[in-house]
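Worksheet for the structure shown next.
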Amino acid sequence: MAAILTNLYLDRAQRSFLEKRAKANGTNLSVEARSAIDLYKAGVSLGELELLDLATRRAKDDLDAIVATLDAGQRRAEEFFAQIEAIKAGMP
């Protein structure tokens, strides 16, 4: 992509937001600004992004709960098989 140098005036909060996102994503302010513009150009609204973020957080919570349940089941299964091995070891 051939980038064209453009002056863009941001208020402090906007610049701070883009800088924080850039740091979190390992990018820079320009990349984050272009990404935001691409979303706007694609017709993605802030409300849609907020809904997507909420849904993603809820899905993560649900997946974390599933993983915890599976981990607990795995521990119970390992205990069960250890008991079976102990019983088999004690048999003549």
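Out of the residues in the range 46-65 meeting the condition of being among the aliphatic types (A, V, I, L, M) and surrounded by 10 or more Cβ atoms within 10 Å (Cβ to Cβ), tell me which one is nearest to residue 6 (Cα to Cα). Among those residues, the one meeting the criterion is 49.
Can you say whether residue 43 is surrounded by fewer than 10 Cβ atoms within 10 Å (Cβ to Cβ), at pLDDT 90 or above, on the phi > 0 side of the Ramachandran plot and over 22 Å from the mean Cα position of the chain (by Cα), as far as the supplied structure shows?
yes
Taking the criterion of being under 19 Å from the mean Cα position of the chain (by Cα) and surrounded by fewer than 10 Cβ atoms within 10 Å (Cβ to Cβ), would at least one residue in the range 2-11 satisfy it? There is no residue in the range 2-11 that is under 19 Å from the mean Cα position of the chain (by Cα) and surrounded by fewer than 10 Cβ atoms within 10 Å (Cβ to Cβ). Would you check if residue 56 is within 24 Å of residue 20 (Cα to Cα), in a helix (DSSP H, G or I) and of a type in the set (Val, Ile, Thr)? In short, yes. Restricting the search to the range 14-33, which residues are part of a helix (DSSP H, G or I) and either surrounded by 13 or more Cβ atoms within 10 Å (Cβ to Cβ) or assigned by TED's automatic domain parsing to the domain that holds residue 52 (or both)? 14, 15, 17, 18, 19, 21, 22, 29, 30, 31, 32, 33 - these are the residues of the range 14-33 that are part of a helix (DSSP H, G or I) and either surrounded by 13 or more Cβ atoms within 10 Å (Cβ to Cβ) or assigned by TED's automatic domain parsing to the domain that holds residue 52 (or both).
Checked against the criterion of being without any contact (Cβ under 8 Å) to a residue 60 or more places away in the chain and more than 19 Å from the chain's Cα centre (by Cα), the range 59-69 has at least one qualifying residue.
The values are calculated or read from the model by the stated rules, or taken from the named source; none is laboratory data. None of the values given here were measured: they were computed from a predicted structure. Virtual Cβ from ideal backbone geometry, glycine too; neighbours counted across all protein chains shown.
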